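Worksheet: one structure, shown below.
The values are calculated or read from the model by the stated rules, or taken from the named source; none is laboratory data. What you see is a predicted model, and the numbers here were worked out from it, not measured in a lab. Note: ideal-geometry Cβ built from the backbone for every residue, glycine included; neighbour counts use all protein chains shown. Keep in mind that these areas ignore ligands, DNA and RNA; they rest on the heavy atoms of the full protein, side chains included. Shrake-Rupley method; radii C 1.70, N 1.55, O 1.52, S 1.80 Å.
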Amino acid sequence: MRLHTAPDHGVVGAVATAISTAGGIVTAIDVAESSHERLVVDVTCSAGDADHAQELQDVAATVPGVEVYRTSDRVFLLHIGGKIEVGSKVPLKNRDDLSMAYTPGVGRVSMALYENPDDVRRLTIKGNSVAVVTDGSAVLGLGNIGPGAALPVMEGKAALFKRFADIDAWPICLDTQDTDEIVRAVELIAPGFGGINLEDIAAPRCFEIERRLRESLDIPVFHDDQHGTAIVVLAALTNALRVVGKQLDQARVVVAGAGAAGTAIVTLMLAAGVGDVVVCDKDGALSADDDTLSPAMAELASRTNRERRRGDLHTVLHGADVFIGVSAPGVLQAEWIPDMADDAVVFALANPDPEVDPAEASKYAAVVASGRSDYPNQINNVLAFPGVFRGLLDARASNVTIEMMLRAAEAIAHVVHDDELNPSFIIPTVFHPDVPGAVASAIKG
């Protein structure tokens, strides 16, 4: 906040006290200008969220002699001009440099690639590039906000690719939500990329888009909201069950959420050997004997709920070893957890507000994980997708298989050594240096 205050340095202390009393954390106070008429004071402080930031601004304005002249949010400041840029890997200092990097030298390379197309990945950026493609229809927990509003998220994804796997990723935000147009657009740009990362595309459209692109392209197509989430969830579940002394093939799992993430998690768990899975949506448990289900949900029900359990989430949770939520805030009451089996495992992954408050869940469950960074055991896709694509690009793979994803989950799980494993540390942090390399190696096999 930039404040105009009375020419009394005691006002500065009063502002700091007011902000602290309101729960803010003052990190810097600078007097930018001083005169006989007024002080110009810059106050930097941390707030819990946007509403709290507004509260701190209002509190500062109540201090006698203070006018809040202007405020800025450091998150927005960080985004000014975008978060990524293009940089040249070769010098362009003189005519000689230019003649090799561009014309006439580049013409020789182009003709060589025309004659030997298999060399495109070796002699161009294709071998290290990924398109991060969205239609803006399911952005984070914000919903269908469109391609422009999705761009900062795709930029962030590209920055993560670079930071964790040194991959050059490009945000591609398509101004259409027509399945045929999305598929065709990606097919048209595919020659310039070594892989396609589908992102924040709503279900069930995302399933068909991924399926068709996998059939038509000779480069890997990976829907991170599905498969990245599934890999990290399986890794965390593997370690959570190690903590409580249970086996994957003996665990009974209830999944809340039958969308893209829930479907992929179920598919990977079944492939890993989990035999008893029940999926719930807002209407209750999915069962193959329910003829009112949509085609996508009927297919999911046909592979799960072997005992044909019916009822709401609370009903089917009785006796379950594991709850995995990829649905909506507040769907799980903490008081229901004692109805689960002893040493219950709870993954509440809805973001930014989980299915149950992790602190409340920890009163009853043996192991709790969430998608949040302010609690232990954060389930974060950044543990998977950089290493996955690093391995795919290095192997010049043409597709992603279930076997690859199972190996990736196992690799993430075993980054946590036995002497580190405990209920508050079942998954490595996103900055653990061993994760991307371990995942890449697992993908390459």
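Numbers below:
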read-out	value
The chain - charge dipole about Cα centre, Lys and Arg +1 at Cβ, Asp and Glu -1, debye rounded to 20	1280 debye
Accessible carbon and sulfur surface of the chain relative to its total accessible area, %, 1.4 Å	52 percent
Pairs of alpha carbons in the stretch 23-70 whose separation is greater than 13 Å (percent)	62 percent
Rg/Rh (Cα only; Kirkwood hydrodynamic radius) as it applies to the stretch 254-309	0.91
Normalised per residue, the volume of the convex hull around the Cα set of the stretch 291-424 (Å³)	156 Å³
Dipole of the chain, positive direction: furthest Cα of Ala61, Ala411, Ala240, with charges on the beta-carbon	Ala411
Largest-first principal axis extents, alpha carbons of the stretch 136-215, Å	32, 30, 18
Contact order normalised by residue count of the chain, Cα under 8 Å, 6+ apart, percent	11 percent
Under the Debye formula (equal points on every Cα, no solvent term), log10 I(q)/I(0) of the stretch 151-264 at q = 0.14, 0.20 Å⁻¹	-0.69, -1.14
Whole-Å semi-axes of the stretch 85-209's equivalent ellipsoid (Cα gyration tensor)	33, 17, 12
Column: log10 I(q)/I(0), Debye, Cα scatterers of the chain, q = 0.07, 0.10, 0.11 Å⁻¹	-0.45, -0.83, -0.95
Distribution of pairwise C-alpha distances over the stretch 234-366, 5 Å bins, in %	2, 11, 23, 25, 22, 12, 4, 1
P(r) tail fraction, the stretch 208-311 - alpha-carbon pairs more than 17 Å apart, %	56 percent
For the stretch 378-445 and the stretch 339-360, distance of Cα centres in Å	23 Å
For the stretch 100-149: span of alpha carbons on each principal axis (Å, largest first)	48, 22, 15
Mean-position separation - Cα centroids, the stretch 288-327 and the stretch 26-54, in angstrom	53 Å
Most positive-pole-ward Cα, Val266, Ala365, Leu317, against dipole of the stretch 241-377 from beta carbon charges	Val266
Cross-link pairs beyond the 22 Å C-alpha cut-off, checked among Lys126/Lys157; Lys126/Lys444; Lys89/Lys162; Lys246/Lys282; Lys93/Lys126; Lys83/Lys162	Lys246/Lys282; Lys93/Lys126
Within the chain, longest stretch free of exposed GluC sites (Glu not before Pro) [DSSP loop, at most 11 other beta carbons within 10 Å]	86-306
Estimated FRET transfer efficiency (Asp8, Thr429; beta-carbon r; R0 51 Å; 0.05)	0.65
5 Å binning of all Cα-Cα separations within the stretch 317-393, expressed as whole percents from 0 upward	4, 17, 25, 21, 13, 9, 6, 4, 2, 0
Mean accessible surface per residue for the chain, computed with a 1.4 Å probe while every protein chain stays in place, in Å²	48 Å²
Helical contribution to [θ] at 222 nm, DSSP H n ≥ 4, -39,500 (n - 2.57), averaged over the chain, rounded to 500	-11500 deg cm²/dmol
